[in-house]
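Everything on this sheet refers to the single structure shown next.
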Amino acid sequence: MAVQTVLSAINQTLFEQMKKDDSVVVFGEDVGFEGGVFRATKGLQQEFGKDRSFDSPLAESAIIGSAIGMAVNGLKPVVEIQFSGFMFPGYNQIVAHAARYRNRTRGLYNVPMVIRMPYGGGIRALEHHSESLETLFAHIPGLKVVIPSTPYDAKGLLTSAIQDPDPVIFMEPKRIYRAFKQELPDKEFKVPIGKAKTLKKGEDITVVAWGALVRETEKAIKGLEDEGIDVELIDLRTIQPYDKEAIANSVKKTGRLLVVHEAVKSFGPGAEIISMINEKAFLYLEAPPTRLTGPDITVPLPKGEHHFIISPERIRAKIKEVMAF
Amino acid sequence: MLTKKFDPLKKKIFQVLDHEGNITDEKLVPKIDDETLLKMYKTMLLGRIADTKALQYQRQGRMLTYAPIKGQEAAHTAPIAALDKKDWMVPAFREMAGMLYKGADLEKLYLYWYGNEEGNHFDEELRILPISVPIASQINHGAGVAYAAKYKGDKEVAVAFVGDGGSSHGEFHEGLNFAATTQSPLIVIIQNNQWAISTPREAQSKAQNLASKGIGYGVPSILVDGNDPLAMFAAVKEARERAINGNGPTLIEALTYRLGPHTTSDDPTIYRDDDDLKYWEKRDPIIRFKKYLIDKELLTEEEDEKLQKEYKDFSNKTFKKVEKSGLVPLEDVFNYTYAELPKDLKEQLALHKKLAESEAK
Ligand SMILES: Cc1ncc(C[n+]2csc(CCOP(=O)(O)OP(=O)(O)O)c2C)c(N)n1
């Protein structure tokens, strides 16, 4: 057992999986020598050599496209896209190919690869460094989309992702890369893809969040019980395929739902979850299921980003609003 | 033609000023009037000082993430000096001195790195496109701007910048090829500062030089000493002539060196060799250019010192003004999403206003 951050947990997992399985290769921009701009892949090249961990040319389409070819031919590529906002040049490869190989070849070829990428706001970054683009992946059949919010889940989910037979988009909330620490077993363990986690049991309202906003929601609900509001907090962990039962069962108990996400509002994951609840738990509802999200605007540069950010205060206010319906 | 004489496939590199600032060959010296020469130097110097200051502000916690230009001033300033006012500049993100030369205010440039979109909003007649953070995508925009100029019969060119890392990107190749097949008046300048964050040039491409990449597309290409402002000026002048005469794009590789970190979030000591840095510090474009101008009796050491002091004060004053700009108002982050704010967004804006007001209480 050692204390880990989300970042060090990812690093430890990559070491573990590369040791265990020769077919795991890790590459991307600045990934080899430097160990990535956030150092998630630090030390891998030194330990496993340049064939298994290397700096790719600066070209996302080549990174993802070649990873698809490697996966088809027996390797398990775990590639890093430096920031999720830069996956677009590789998005064509993800959508047109990674997501479809299995279907296209009727199961003959599949693409067991992991595409890791830091995402999300709150770090006062440049343009294209702050977006939450999970919808763009979750919307594409054939992809799995995972977002951990703790070091434990980062390790457990990444282990599952690397061993998964399908392409997994592994989104890392960089705002909490180093902010959250936990003791983790040094040995391999898995957290299943597709299973949400109830972080706090409650009777009055279900709040669903993921990534960095899980931490913000935890802050938001502190003390709410004293005000007579007993929140059930669910960390979704997998955006697709997501744990409908966990949410529906919870809402059947509480009668209320709030989805909190950093992604922009329209056509976002909140919309999906709410309509799922309308299908599965409508008769249990005591208030309209609702969402608290980023507005439908381009994420502002740092001097305007506070307008976009979802603070614990806003989450708390929204919970109260739903309760007061 | 320079692109013939200095064939990058033959590993030739075009240079006018040697590393010390002496003329290598009088015949190669481009015609530049004294006023332009001085303006080039002064802008490079202002760029250098504003850059040094920006790094300082960042270290003091007053400036946000910033991408330094130190060492690359000639590579992107001289090309702009070789343009007409109506020509277009399509920057990547490390061309601050070139932007200053084209007429952008330092205040705007600081404002951008301070985290305010308004810093990318230039006067229309400057013809500067905004900083492009997604690497290499701007090359296609340059191709389009150039195509439109040709289509409209306007005698103007577009100059697009990209890094050595960016030259590996699909869009670099696609844009260059598009401009070549349409014979659009585009000049692509690769600022090869030899690093893409921690990835060295050798890991980026097996090409013997990056200029040679243009040849496969049928684009006249040349490798230039990017720390030599006279050579960069001459290469761009010739490329511009070719472009406005309907003979299509040119690819120029400016061989230079990034003397600072990639951005303020980067630590180059992890991956960079000290000797390399020293080698390149001796080839500093500002030192070379200054020597040339002093030899030409266009500048004295005293004048240079005075300029340095003036630019330090100017940078400080400008940054203080930027610091006073404070946060961006709420309307500002909504207003430019569409030409006209849709009803739904108006409602979201109203909601955010109410939230902000109730929180202020
Ligand atoms: C498409 C894309 N991928 C990744 C990044 C992240 N990134 C920013 S700068 C950079 C390196 C750029 O190197 P180069 O093109 O050589 O230009 P330089 O920074 O050296 O001027 C990278 C990988 C990005 N901005 N855009």
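What follows is calculated from the coordinates using simple rules that are stated; it is not laboratory data. None of these values were measured; they are calculated from a predicted model. Every residue, glycine among them, receives a Cβ derived from its backbone with ideal geometry; neighbour counts consider all protein chains shown.
The phi-based Karplus calculation (6.51 cos²θ - 1.76 cosθ + 1.60; θ = phi - 60°) puts the 3J(HN,Hα) values of the stretch A:98-113 at 3, 6, 10, 4, 4, 5, 4, 9, 6, x, 5, 10, 9, 10, x, 9 Hz, whole numbers, x for Gly and Pro. Longer than 29 Å from Cα to Cα, which of B:LYS42/B:LYS108; A:LYS19/B:LYS278; A:LYS76/B:LYS70; B:LYS150/B:LYS346; B:LYS5/B:LYS278; B:LYS39/B:LYS206 are they? Say none if no pair is. Distance filter (> 29 Å) returns A:LYS19/B:LYS278; A:LYS76/B:LYS70; B:LYS150/B:LYS346; B:LYS5/B:LYS278; B:LYS39/B:LYS206.
Roughly how compact is the stretch A:182-325, stated as its Cα Rg over 2.2 N^0.38 Å to two decimals?
On the way: Rg = 15.3 Å, N = 144, 2.2 N^0.38 = 14.5 Å.
In units of the globular-protein estimate, the stretch A:182-325 measures up at 1.05.
Given the Cα-Cα distance of A:ALA271 and A:ARG178 and 0.36 nm per residue of separation, how much length would full extension add, in nm? Could the numbers behind the result be given before it?
On the way: separation 93, 0.36 × 93 = 33.48 nm, distance 3.05 nm.
Once the chain is fully extended between A:ALA271 and A:ARG178, it gains 30.4 nm.
Positive end of the dipole of the stretch A:176-243 (Cβ unit charges, origin at the Cα centre): among A:VAL207, A:LEU224, A:GLY194, the Cα lying farthest that way belongs to A:GLY194. Counting Cβ atoms of other protein chains within 10 Å of each Cβ in B:156-166 and taking the mean gives 1.
Which one of B:LYS324, B:LYS42, B:LYS108 has the biggest mean-square fluctuation once chain B is modelled by GNM with Cα springs under 10 Å? Largest GNM mean-square fluctuation: B:LYS324. Normalised size of chain A, defined as Cα radius of gyration per 2.2 N^0.38 Å with N residues, equals 0.98. Would you give the gap between the C-alpha center of the stretch A:224-299 and the C-alpha center of the stretch B:11-63, rounded to a whole Å? Computed from Cα coordinates, the inter-centre distance equals 57 Å. Helix-only arithmetic for chain B: the sum of -39500 (n - 2.57) across DSSP H runs with n ≥ 4, divided by the residue total, places the mean residue ellipticity at 222 nm at -14500 deg cm²/dmol.
Would you tell me the mean number of C-beta atoms belonging to other protein chains that fall within 10 Å of each C-beta in B:262-270, as a whole number? Before the final figure, lay out the partial values.
On the way: counts 2, 2, 0, 5, 3, 1, 0, 0, 4.
The shielding value for this peptide is 2.
Couplings for the stretch B:93-109, taken from phi via the Karplus curve 6.51 cos²θ - 1.76 cosθ + 1.60 with θ = phi - 60°, read 9, 10, 10, 4, 5, x, 5, 4, 4, 6, x, 5, 7, 4, 4, 5, 5 Hz in order; Gly and Pro are left as x.
Near the amide H of A:SER149, within less than 5 Å, lie the amide hydrogens of A:ALA154, A:GLY211, all on another chain or at least 5 residues away, with H placed in the peptide plane.
Can you put A:MET113, B:MET232 in order, fewest other beta carbons within 10 Å first? Present the calculation step by step, with values, prior to reporting the outcome.
Working: A:MET113 26, B:MET232 31.
Ascending Cβ contact count within 10 Å gives the list A:MET113, B:MET232.
Between B:LYS312 and A:GLU203, the modelled labels are 7.0 nm apart [label points 7 Å from Cα along Cα→Cβ].
Taking label positions 7 Å along the Cα-Cβ direction at both B:GLN208 and B:GLN60, the computed distance is 5.0 nm, reported to one decimal. Shielding of peptide A:301-314 by partners, expressed as the average count of other chain Cβ atoms within 10 Å per residue Cβ, is 6.
Taking neighbour Cβ counts within 10 Å as the exposure measure, how do A:LEU158, B:LEU28, A:LEU233 sort from fewest upward?
Exposure proxy ranking, most exposed first: B:LEU28, A:LEU233, A:LEU158.
Take the eigenvalues of the Cα gyration tensor for the stretch A:73-187, scale each by 5, and report the square roots as semi-axes in whole Å, largest first.
So the equivalent ellipsoid measures 25, 19, 10 Å along its semi-axes.
For the stretch A:3-73, the percent of C-alpha pairs falling in each 5 Å distance bin, counted from 0 to the bin holding the largest distance, reads 4, 18, 26, 26, 19, 7, 1, 0. Of all DSSP beta bridges confined to chain A, the antiparallel ones make up roughly 20%. State which entries of B:LYS53/B:LYS282; B:LYS31/B:LYS312; B:LYS4/B:LYS237 exceed 24 angstrom in Cα-Cα distance in the structure shown. As for pairs spanning more than 24 Å Cα to Cα, those are B:LYS31/B:LYS312.
Just to check, using Stokes-Einstein with a Kirkwood Rh over alpha carbon pairs, what's the diffusion coefficient of the stretch A:129-178 at 20 °C and 1.002 mPa s in µm²/s?
Working: Rh = 11.6 Å.
Rounded, D is 184 µm²/s.
Extension gain for the segment A:HIS306 to A:VAL3, taken as residue separation times 0.36 nm less the Cα-Cα distance, is 105.9 nm to one decimal. In sequence order, the stretch A:281-294 has phi-based couplings of 9, 3, 6, 8, 6, 10, 8, x, x, 9, 9, 10, 9, x Hz under the Karplus curve 6.51 cos²θ - 1.76 cosθ + 1.60, θ = phi - 60°, and Gly or Pro positions carry x. Note on the protein assembly as shown: the C-alpha convex hull projects to 32.0 nm² when averaged across all orientations.
Note on B:LYS10 and B:ASP276: with the Förster distance fixed at 30 Å, the Cβ-Cβ geometry gives a FRET efficiency of about 0.70. Just checking the listed ones, B:ALA239, B:ALA350, B:ALA158: in the Gaussian network model of chain B with Cα springs under 10 Å, the one fluctuating most is B:ALA350. In terms of surrounding Cβ atoms within a 10 Å radius of their Cβ, A:MET1, A:MET323 rank from fewest to most as A:MET1, A:MET323. Of B:HIS76, B:ILE294, B:VAL162, which is farthest on the positive side of the dipole of chain B, counting Cα position, with +1 on Lys and Arg Cβ, -1 on Asp and Glu Cβ, and the Cα centre as origin? Among B:HIS76, B:ILE294, B:VAL162, the one farthest towards the positive end of the dipole of chain B is B:VAL162. Pairwise alpha-carbon distances in chain B exceed 32 Å for 32% of all pairs.
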